[in-house]
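Data block below; observations after.
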Amino acid sequence: MLSANQKRWGVDQWAAYLSQRELPCMPRSRARLLELEDTQRDTLAARDLADIAAADPFLCLRLLRAAEAHRVQRLGHETTTPLAAVMQLGTDTFHTLLLNSPETDETQPGLVDCEARAHLASLLALRWAGARADVSPDEIAMAALLSEIGELLLWSFAPDLPRNALAALHAGHSPRSVQAQVDTCGFRFKDLSLKCALIWHLPPLLTQLIHGIDNSRANLSRLCVDTARHLLTEGAASPALPSDIAEARQLIPGASLDWLIEQLPDLDPTQRAEIASQAAERQACQTPSALS
């Protein structure tokens, strides 16, 4: 339950409060680490550990914060990927950090849904960024994974806020999820993510990618987050998906509409064909200036 004082908090107060909480991890991350250590102890590589972190936004953030603190002490390069974080800290520190982390409550449906969106966004980012020969698809994937961290923190430590926003959306009081957040909480959850990123002194590159504007890499990160939300919240019939795919085609001119849609999970051929047809219509309506 929120206190009377917390009900009056804005994004700055919530960011200050949440940034001081101990970050948990998903239970599957600990289970996966123990499984790997049991089956391939002598051959366990940094890449294996980075893959665990890349599938868990809480753990990824916890690892990144620890690696950045370590980097500052040693004046190394900024840490912008899960693999770089593991290399910065070392496998023993990763092991200790993960096993000493509290675990999230996977009985909390809102948290599970939000985490699933973040995970899907990161997977899309890896595939789509790879198709445009990005200099580091892992950076875009990491930003996509962390873009929902503000909402994830709220589900973990102040679930009444995102629950109220969902209720307003489902009741029709607010037309879109972002508007529901502003109407019920007074701020966008993405703004909370960005405020926390500043408090934690995350690398400016990651903060820019999470912000999701200003350049094609940041736009792609934002698009992956939006696409994951539309697909997992509304399903294949989401009216926003064709526009997402049309925008992805602009950002990744070397990829076909069909290939872009193939990267979306759990769609049957009929659904893929319908999204492709509508995305092609969206493309045809775009002006030359929008395509430049």
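Read-outs throughout are calculated quantities, based only on the coordinates presented, and are distinct from any laboratory measurement. Model, not experiment: these values are computed from the prediction. Cβ sites come from the backbone with ideal geometry, for glycine too, and all protein chains shown count toward neighbours.
Count of the range 25-58 residues, restricted to those that are surrounded by 21 or more Cβ atoms within 10 Å (Cβ to Cβ), assigned to a loop (DSSP other than H, G, I, E, B) and either touching a Phe, Trp or Tyr at 6+ places or on another chain (Cβ under 8 Å) or small (Gly, Ala, Ser) (or both), is 1.
Can Asp105 be described as under 28 Å from Ala167 (Cα atoms) and assigned to a loop (DSSP other than H, G, I, E, B)?
Against the criterion (under 28 Å from Ala167 (Cα atoms) and assigned to a loop (DSSP other than H, G, I, E, B)), Asp105 qualifies.
Residues that are touching a residue at least 40 places away in the same chain (Cβ under 8 Å) and surrounded by 13 or more Cβ atoms within 10 Å (Cβ to Cβ) number at least 2 in the following helices (runs of 4 or more DSSP H) confined to the range 178-292: 189-199, 204-211, 216-234, 241-251, 257-262. All told, Thr93 falls short of being outside any helix (DSSP H, G or I), out of contact with any helix residue (DSSP H, G or I) (no Cβ under 7 Å at 6 or more places or on another chain) and over 19 Å from Ile245 (Cβ atoms).
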